[in-house]
Every structure is written in structure tokens, then in C-alpha cells.
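Student: Mind having a look at this structure? Questions to follow.
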Amino acid sequence: QAEAALLPLLKKAASVPALTRIVAASATPACRQIAAVVLRKKIVKLWPKLKRQTQDEVKAVILQQLASEPERPVRKSIAALASQLAKALVPSGKWPELLEFIARCAADASP
């Protein structure tokens, strides 16, 4: 029943910022991970329906959480989310911050 109740909500663009807030702020690692997984499955389809400001905020949160998430399984789910969004945005140059983020991470990891 809960799943049936959630499905219509997840088809709305407003679910993207709501799930992003959970990824960023939930105290429970399992909640952060589930939110990232659900977001990964929905984000590309809902992305064009979001306002530009919301898109920028979501991209910033994803990068911030990739850098700061302490739990490895959650971080992997966020990385998968970033990858899914990157497939849609990077070829058209709509997420240059991701490439800058990757370059910084690579430079920081260098001996």
C-alpha cells in the first residue's frame, strides 16, 4: 500500500528536490541511500521539468554529498546518481562543475 501511494508522487518534478534533501540531510544512512537510488531512477526523466535554479541546487548537493558522505554504501549510491545525471548533462556541457570536481579529486589523490 505504501508503495502504491508513493508512485504517483515520484512522477512529479517536486520529488527531485524532496529526495535531494533526504540525501543531504537524513540522519539515517539507509534513508540517504534509498533516496539516492530512487532519485537515480527518476532524475533524467524529471530533470527537464525542473527550474534552472533547482537543477543547479541538485547538482551542487550531489557533488557536496559525494565529497562528504561518510558511509561507503551511501556514497556509492550517490556516485551512481551522479553518473546517471552526468550521462544526460555532460555531453551537452550542462554540468562543467562535475568535471572540475573530478579534476580536484584526482589532484588531491596524487602523491
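Student: How much accessible surface does Lys42 have with a 1.4 Å probe, in Å² rounded to 10?
Tutor: Ignoring ligands and nucleic acids, Lys42 comes out at about 60 Å².
Student: For the chain, what % of the accessible area comes from carbon and sulfur atoms, probe 1.4 Å?
Tutor: Accessible surface attributable to carbon and sulfur in the chain totals 59 percent.
Student: Go through the stretch 14-21 residue by residue and turn each phi into a ³J(HN,Hα) via Karplus (6.51, -1.76, 1.60, θ = phi - 60°); whole Hz please, and just put x for glycine and proline.
Tutor: 5, 5, 5, x, 5, 5, 4, 4
Student: OK, next. Summing Lys, Arg as +1 and Asp, Glu as -1, what charge do residues with Cβ under 14 Å from the Cβ of Arg75 carry, Arg75 excluded?
Tutor: Computed value for this residue: +2.
Student: Accessible area per residue, 1.4 Å probe, Å², for the stretch 1-73: what's the number?
Tutor: 64 Å²
Student: Ok, one more. Normalised by the residues of the chain, what does the relative contact order come to in percent, with Cα pairs under 8 Å and at least six apart?
Tutor: 25 percent
Student: How about Lys76: which lysines have a C-alpha closer than 23 Å to its C-alpha, ignoring those fewer than 8 places off in the same chain?
Tutor: Partners found: Lys41, Lys42, Lys45, Lys59, Lys87, Lys94.
Student: Also, I was wondering about something else. With viscosity set to 1.002 mPa s at 20 °C, what whole-number translational diffusion coefficient in µm²/s follows for the chain from Stokes-Einstein and a Kirkwood radius over Cα pairs?
Tutor: In µm²/s, the coefficient rounds to 148.
Student: Please turn the phi angles of the stretch 89-104 into ³J(HN,Hα) values with the Karplus equation 6.51 cos²θ - 1.76 cosθ + 1.60 (θ = phi - 60°), one per residue in order, whole Hz, x for glycine and proline.
Tutor: Each residue of the stretch 89-104 in turn: 9, 5, x, 9, x, 9, 9, x, 4, 5, 5, 5, 4, 5, 4, 5 Hz.
Student: Could you please state, rounded to a whole Å, how far the C-alpha centre of the stretch 73-105 is from the C-alpha centre of the stretch 1-51?
Tutor: 17 Å
Student: Once phi is turned into θ = phi - 60°, what whole-Hz ³J(HN,Hα) does the Karplus curve with 6.51, -1.76 and 1.60 give for every residue of the stretch 26-36, x standing for Gly and Pro?
Tutor: For the stretch 26-36, the Karplus curve yields 5, 6, 9, x, 4, 5, 4, 5, 4, 4, 5 Hz.
The values are calculated or read from the model by the stated rules, or taken from the named source; none is laboratory data. This one's a predicted model, so the numbers in the text were calculated from it and none came from an experiment. Backbone-built Cβ (ideal geometry, glycine too); neighbour counts: all protein chains shown. These area figures cover heavy atoms from the full protein model, side chains too; ligands, DNA and RNA do not enter into them. Shrake-Rupley method; radii C 1.70, N 1.55, O 1.52, S 1.80 Å.
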